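Inspection log for the structure reproduced underneath, given as structure tokens.
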Amino acid sequence: GGLFVLGTTAFIVLIIVFAKDLPDPSNLAARVIPQTTKIFDRTGKNLLYEVRGDQNRTIVELDQISPYVVPATVAIEDKDFFNHSGISIRGILRSIYTDIITGSKAQGGSTITQQFVKNSILSNEKTFSRKLKEIILSFELERRFTKQQILKLYLNEIPYGSVAYGIESASQTFFGKSANDLTLSESALLASLPKGPTYYSPFGNHRDG
């Protein structure tokens, strides 16, 4: 009894301490997200040249993405996405078990919301403090945004390998077509890339895997 109350109180205090220094999720819409600069001919239809930096990205709306992409992404990355509040208790416990029992860093276990927070708001640093910040921000994100809005953020900002950030850039990079035209199999392949961009890449050595 007493130990449980003490542990719960300590956890709440930790959350309060970390939460006060975190960025406000409400400001996400005001961020300037790097995109590829596209230069078209005078008709506005033919692409002449692209100016890109370290990140090749084109922001698209969900209705500009193939209807296969969201189901494939949810099935591969976070099958309980539409039911949880930002985190997966099972995934966190599995991660802790892997870290403690095997001594290695767990792969996976993060929800789509957590992956967005980790890749777009925080760093990939594997520390307890960063993980706690990730959990707090994921809760806040789910509280302030709809599932569809979170999916749009994720699909436009998650790295798919190389310099391809976001589903539109990944589709153009790997298949030479708009994300709106992706087939079921192409959508499934791209949905698997954030988990292992090098391993699952269509340009890699595991194309038959």
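The values are calculated or read from the model by the stated rules, or taken from the named source; none is laboratory data. Quick caveat, the model's predicted, so the values are computed rather than measured. Methodologically, a virtual Cβ is constructed for each residue, glycine included, from the backbone with ideal geometry; neighbour enumeration extends over all protein chains shown. Only protein heavy atoms, including side chains, enter the accessible area calculation; ligands, DNA and RNA are left aside. Shrake-Rupley method; radii C 1.70, N 1.55, O 1.52, S 1.80 Å.
Pairs of Cα atoms nearer than 8 Å and 6+ residues apart set the relative contact order; for segment 123-196 it is 19 percent. Amide H contacts under 5 Å for residue 182: 66, restricted to partners 5 or more places along the chain or on a different chain, H placed in the peptide plane at 1.01 Å from N.
Residue 146 sits with roughly 80 Å² accessible to a 1.4 Å probe, with DNA, RNA and ligands left out of the calculation. Maximal additional length on extending the residue 80-residue 129 stretch stands at 15.1 nm, based on 0.36 nm per residue less the C-alpha distance.
With a 1.4 Å probe and all protein chains kept in place, how do 87, 59 rank by accessible area, largest first? Walk me through the numbers on the way to the answer.
Details: 87 25, 59 55 Å².
I get 59, 87, largest accessible area first.
Per residue, the accessible area of segment 127-183 comes to 39 Å² when a 1.4 Å probe rolls over the protein heavy atoms. Once the Cβ-Cβ distance of residue 90 and residue 62 is raised to the sixth power relative to R0 = 30 Å, the FRET efficiency obtained is 0.65. Between amide H atoms placed 1.01 Å from N, distances below 5 Å from residue 164 occur with 56, all of them 5 or more places distant or on a separate chain.
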